[in-house]
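To start, the structure under review is shown below, and the notes come after it.
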Number of protein chains: 2
Amino acid sequence: MNDQTRTSSRSGGRAARRAARATALPDHLRPIRPGMEGGTLKALSQQDIEKIHHTALDALEQIGLADAPPSGVEYLTRAGCILGDDGRLRFPRALVEDTLAIANRDVTLCSRNGKTDLDLSGTRVHYGTAGAAVHMVDVHGRDYRDSTVQDLHDAARICDQLDNIHFLQRPMVCRDILDNREMDLNTIYACCSGTFKHIGTSFTEPDFVAPALEMLHMIAGGEDKWRERPFVSNSNCFVVPPMKFATESCEVMERCIEGGMPVLLLSAGMAGATAPSTVAGAIVQAVAECLAGLVYVNAVKPGHPAIFGTWPFGLDLRTGAMSIGSGEQALLSSGCAQMHQFYGLPGGAAAGGSDAKLPNMQAGWEQMCSNLMAGLSGLNMVYEAAGMHASLLGFCHESLILGDDLIGQAMRCVRGIEVTEETLALDQIADVCLSGTGHYLGTGQTLDRMQADYVYPTLGDRTSPKEWAELGKPGLLDKATARKEAMLAHPSQARLDPMLDMALRERFNIHLPA
Amino acid sequence: MNDQTRTSSRSGGRAARRAARATALPDHLRPIRPGMEGGTLKALSQQDIEKIHHTALDALEQIGLADAPPSGVEYLTRAGCILGDDGRLRFPRALVEDTLAIANRDVTLCSRNGKTDLDLSGTRVHYGTAGAAVHMVDVHGRDYRDSTVQDLHDAARICDQLDNIHFLQRPMVCRDILDNREMDLNTIYACCSGTFKHIGTSFTEPDFVAPALEMLHMIAGGEDKWRERPFVSNSNCFVVPPMKFATESCEVMERCIEGGMPVLLLSAGMAGATAPSTVAGAIVQAVAECLAGLVYVNAVKPGHPAIFGTWPFGLDLRTGAMSIGSGEQALLSSGCAQMHQFYGLPGGAAAGGSDAKLPNMQAGWEQMCSNLMAGLSGLNMVYEAAGMHASLLGFCHESLILGDDLIGQAMRCVRGIEVTEETLALDQIADVCLSGTGHYLGTGQTLDRMQADYVYPTLGDRTSPKEWAELGKPGLLDKATARKEAMLAHPSQARLDPMLDMALRERFNIHLPA
């Protein structure tokens, strides 16, 4: 609560208190903020962490990675990798350690307008979307349909307006654009014209990076402006686990590095299929693969901003189908966060996805489980944090909006318990019990803390059964749909300047209507 | 996986593997079990914990508690409390410390058949119901109605069949029984005839304890048998926060102690109303009150089994209404668990309740948030863990059943990450990458771990959108209702011996039909 409302709430009686309650807090006094520090959860002990580290080094030294492109072989052997007769590149320990010494630890992911930059240091936690869903979830029709560029743009616009969604990595594929080059370019356009927040995207082929950079230079107002504050990063699946480079993605990565685009080194093994079935083993392999990626990036350009993207996924071993909503998944991402901190590197992993087909109770518990554990573990970038259903196959706008409440609650838990003379409240207890009214509801301390300490859900319902009935028993999904419609009713705050937009439409085949 | 299935899965090919998958694991090899050890989450630092402890001692010494009954004043002053002119009993530090030295740390809560006893030592975690809801939630009619003794009995029968519900504290009030004495006695009957698991109950008046003990002696087969293995504990709201004894409940407590019934020392302050609004302050007050209760119990009977029941609740400070589903609530219960461990005392707190009126997405995220944090913090007794809606006003059988899946997942997270030579899986990675098939799905290690490491939901849906559509898009609540009906279709496994039942019905006015 700022000084002004603090004074008025103390002196002005009930009306002033009500006014104080209605006043929005300045950013630095809000109960939750992007980039709060986690780290109270330690699923791995220090000894466990070191064992995982040493096993990953062993894997790199003894097993190495296959399938690097010729350019990658050149970069990596020049750096110190050893190319075996079996075509695998092996990484001596000293090379990995040297890379860890020069890797960029000071990564900030930029927003387009400079207002929501993400500082990925320490245990700072940020939540955002991600994934490559191919379906949109229609909650009222209980149906799955192909996702479109308009769906993506709408998701961007919604994210732009949600406090607790801190970045927009492209959550779904524009299936109405059949040409891959056009799809990649329209993906960037749909995201940039919908949100100022940092954007993550992907490229189907190396040759699509150049035109994308051209588009980004135009949006930024010149290549120099783009390189100064790159507001789009490349989500790069540089490996095909287990322990093989994804040849073409590595070439994409090289182009992105040359173009000044931060890269997310994304290793997405599936525990039990393309990674060991044990949580520890899947983390070992993901760490080994990302260390290889980090050597690669730093061999191309020392210090290039890269996010350590250990994204091991869970599997339902009964069926072999992917499962993202499990407790095992939460442990995978939680353990990865500790590995990132061990290296002191900016890191990301997947959490918040659900296997449920609709935003129902299962979706709620699954999304909270991994989002909460990831945040408590201090994961810098929590990808897939909202809107993701059907084990990443479906994206849902209503779920994204409800995810804002869910993540806000998780962030309150990440913030933790403040223990100070004031919060311990002995004086207040004495006052209330010995000379006061016997309750705390009207005390100055309670009113002061009402906004600064407590997170209130936007759509989450706290009415009594009686009030709820009087309100006509509103349904959670109906409320989310109403909020979605309200959010999309006005033009995008982040829309591009009309002259720029016209220039982009002249240069590129933009599918979204002007 | 037991030895037999382990062997067959290695040697017998696909059919044998399928058979192995279908075989239920023996208890000690199951991925999750009651009483797993938590403690990976530490919301409070050691210094924070000590500050809370010292502030609670200050509160007891300087403020003390009012309103003890005459018997309590006598017990407590004899133990060393100082009765002030203001009628408050103050607790010298040395008295509290002496009590901590003699308090019972070796508490086991008994089941009626000896098969599901709860060992409350260390950070062992158990989940169960609790509360005093006055409504039943009708999920399909979206309605709240008065709860009845039949609803309570059905809840007991459902809990008896759910693996991840470890005890049954009476979750709702039998509102169809208007006489309080009959209500209390029928509550015990409805619970005992529905489940073998440990039961928690409450008493409206001290005089109702004697007939209840008479009933329990009959069920146990004699007073000696009862005293040897008391399978019902008394959930005792011995304080009216802030810092006042609940006079009549203290008298109930004395009778329960005399009757050999374990007591839960339940301090249920509401942060911002009857406790400080800060998380730390609410914990301080709850700890102070429970320490007072512990002195009381040990003054009546040294070493009597008591659970340290710091149950601070959250509040929506905008409206003054209770809110149990918040992040603040999860932090309150999580911090309390650490205080219990600091004292080395068996402890309990509330988690898993929801403010949502129905088992929807909000209910899922709220229930997971606090259940997960409580478990990760190593809370011995997680009360209110399933079925609880509308900020504790409503209980829901479908939600209870879905809660079994939700808690199973939380327990998987509590179990954590196993880091051993085997789970680190270097050999396996080498095998698969260098000489194997390139994937892990068919490896012996993966099959071995399939059941012992992974928790599979019973009702949680992991089908693909296509499979889901082919199945007719089953709804989660419909599946829960079907499971409920199946569970209640056959007679209770825990039903009382017919001769005993007849004797109970002759002695007491039992409302449930025979």
(Q) Please go through the range B:482-514 and give me each residue that is surrounded by 14 or more Cβ atoms within 10 Å (Cβ to Cβ) and farther than 20 Å from B:THR195 by Cα, ordered by number. (A) B:ALA482
Q: Could you check how many residues of the range B:111-134 are touching a Pro at 6+ places or on another chain (Cβ under 6 Å) and open to solvent by 10 Å² or more (accessible area, probe 1.4 Å)?
A: 1
Q: Can you give me the number of residues within the range B:122-136 that are modelled with pLDDT of 95 or more and touching a helix residue (DSSP H, G or I) at 6+ places or on another chain (Cβ under 7 Å)?
A: 7
Q | Search result, residues across the range B:260-298 that are closer than 18 Å to B:TYR75 by Cα and of a type in the set (S, T, N, Q) | A | B:ASN298
Q) So A:ASP58 fits all but one of (1) in contact (Cβ under 8 Å) with a residue 60 or more places away in the chain; (2) within 14 Å of chain B (Cβ to nearest Cβ); what number is the exception? A) (1)
Q) Are there any strands (runs of 3 or more DSSP E) wholly within the range B:254-320 with 3 or more residues that are modelled with pLDDT of 95 or more, and if so which? A) B:263-267, B:306-310
Q. Given the conditions (1) open to solvent by less than 20 Å² (accessible area, probe 1.4 Å); (2) touching an Asp or Glu at 6+ places or on another chain (Cβ under 9 Å), and given that A:ARG229 satisfies all but one, which numbered condition is not satisfied?
A. (1)
Q) Has the range B:450-462 got any residue that is small (Gly, Ala, Ser), out of contact with any Pro (no Cβ under 9 Å at 6 or more places or on another chain), at pLDDT 95 or above and open to solvent by 20 Å² or more (accessible area, probe 1.4 Å)? A) no
Q.
Going residue by residue through the range B:478-492, is there one that turns out to be under 27 Å from B:SER147 (Cβ atoms), within 10 Å of chain A (Cβ to nearest Cβ) and of a type in the set (A, V, I, L, M, F, W, C)?
A. yes
**Q.** Subset of the range A:20-48 that is assigned to a helix (DSSP H, G or I) and more than 9 Å from chain B (Cβ to nearest Cβ) - its residue that is modelled with the highest pLDDT
**A.** A:GLN46
Q: Could you check, for the range B:161-170, whether at least one of its residues is open to solvent by less than 30 Å² (accessible area, probe 1.4 Å), out of contact with any Asp or Glu (no Cβ under 9 Å at 6 or more places or on another chain) and among the polar types (S, T, N, Q)?
A: no
(Q) Condition first: under 21 Å from B:VAL107 (Cβ atoms), of a type in the set (Val, Ile, Thr) and in contact (Cβ under 8 Å) with a residue 60 or more places away in the chain. Can you find one or more residues in the range B:134-143 that meet it? (A) no
(Q) If I go through the range B:243-265 residue by residue, how many of them are open to solvent by less than 10 Å² (accessible area, probe 1.4 Å) and either touching a strand residue (DSSP E or B) at 6+ places or on another chain (Cβ under 6 Å) or among the aromatic types (Phe, Trp, Tyr) (or both)? (A) 9
Q) Is the range B:173-190 home to any residue that is open to solvent by 10 Å² or more (accessible area, probe 1.4 Å), part of a strand (DSSP E or B), more than 14 Å from chain A (Cβ to nearest Cβ) and in contact with a strand residue (DSSP E or B) (Cβ under 9 Å, 6 or more places away or on another chain)? A) no
Q: Could you give me the residue pairs with C-beta distances under 7 Å whose first residue belongs to the range A:266-294 and is facing another protein chain (nearest Cβ under 9 Å) and crowded, with 24+ Cβ neighbours inside 10 Å, whose second residue is small (Gly, Ala, Ser) and part of a loop (DSSP other than H, G, I, E, B) wherever it lies, and which are 6+ apart or on separate chains?
A: A:ALA271/A:SER277; A:ALA275/A:GLY269; A:PRO276/B:ALA425; A:THR278/B:ALA425; A:GLY281/B:ALA425; A:ALA282/A:GLY269; A:VAL284/B:ALA425; A:GLN285/A:GLY269
Q) Would it be correct to say that B:THR423 is closer than 22 Å to A:LYS244 by Cα, open to solvent by 20 Å² or more (accessible area, probe 1.4 Å) and among the β-branched types (Val, Ile, Thr)? A) no
Q) How about the range A:372-414: which of its residues are among the charged types (D, E, K, R) and closer than 20 Å to A:GLY475 by Cα? A) A:GLU398, A:ASP404, A:ASP405
(Q) Take the conditions hydroxyl-bearing (Ser, Thr, Tyr), open to solvent by less than 10 Å² (accessible area, probe 1.4 Å), within 27 Å of A:LEU459 (Cα to Cα) and at pLDDT 95 or above and apply them to B:SER391. Does it pass? (A) no
Q: Would you be able to say whether some residue in the range B:112-123 is of a type outside the set (Lys, Arg), farther than 24 Å from B:SER377 by Cβ and in contact with a strand residue (DSSP E or B) (Cβ under 7 Å, 6 or more places away or on another chain)?
A: no
Q: Tell me which residues, restricted to the range B:80-95, are away from every other protein chain (no Cβ under 14 Å), under 12 Å from B:GLY64 (Cα atoms) and of a type in the set (A, V, I, L, M).
A: B:ILE82, B:LEU83
Q | Of all residues in the range B:306-316 being crowded, with 24+ Cβ neighbours inside 10 Å and within 9 Å of chain A (Cβ to nearest Cβ), the one that is nearest to B:GLU384 (Cα to Cα) | A | B:GLY314
**Q.** Matching residues, the range B:191-200, being in contact with a Ser or Thr (Cβ under 7 Å, 6 or more places away or on another chain), hydrophobic (A, V, I, L, M, F, W, C) and either part of a strand (DSSP E or B) or modelled with pLDDT under 95 (or both)
**A.** none
(Q) Between B:LEU345, B:LEU379, B:LEU400, which is in contact (Cβ under 8 Å) with a residue 24 or more places away in the chain, closer than 30 Å to A:GLU398 by Cβ and not polar (S, T, N, Q)? (A) B:LEU400
Q) Among strands (runs of 3 or more DSSP E) lying entirely in the range B:82-163, which contain 3 or more residues that are within 30 Å of B:GLY222 (Cα to Cα)? A) B:124-129
Q.
part of a helix (DSSP H, G or I), in contact with a Lys or Arg (Cβ under 6 Å, 6 or more places away or on another chain) and open to solvent by less than 40 Å² (accessible area, probe 1.4 Å): is that true of B:LEU57 in this structure?
A. yes
Q.
So in the range B:409-449, with the set limited to residues that are at pLDDT 95 or above and β-branched (Val, Ile, Thr), which one is nearest to B:ASP163 (Cα to Cα)?
A. B:VAL414
Q: Test A:CYS336 against the criterion of being part of a helix (DSSP H, G or I), under 28 Å from A:PHE308 (Cα atoms) and at the interface with another protein chain (Cβ under 7 Å from one of its Cβ atoms), and give yes or no.
A: no
Q) Looking at the range B:357-468, what helices (runs of 4 or more DSSP H) fall wholly within it and have at least 1 residues that are more than 7 Å from chain A (Cβ to nearest Cβ) and over 29 Å from the mean Cα position of the chain (by Cα)? A) B:421-424, B:426-430, B:444-452
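The values are calculated or read from the model by the stated rules, or taken from the named source; none is laboratory data. Note that the structure is a prediction, hence the values are computed from the model and not measured. Please note: Cβ atoms are built from the backbone with ideal geometry, for glycine as well, and neighbour counts cover all protein chains shown. These area figures cover heavy atoms from the full protein model, side chains too; ligands, DNA and RNA do not enter into them. Shrake-Rupley method; radii C 1.70, N 1.55, O 1.52, S 1.80 Å.
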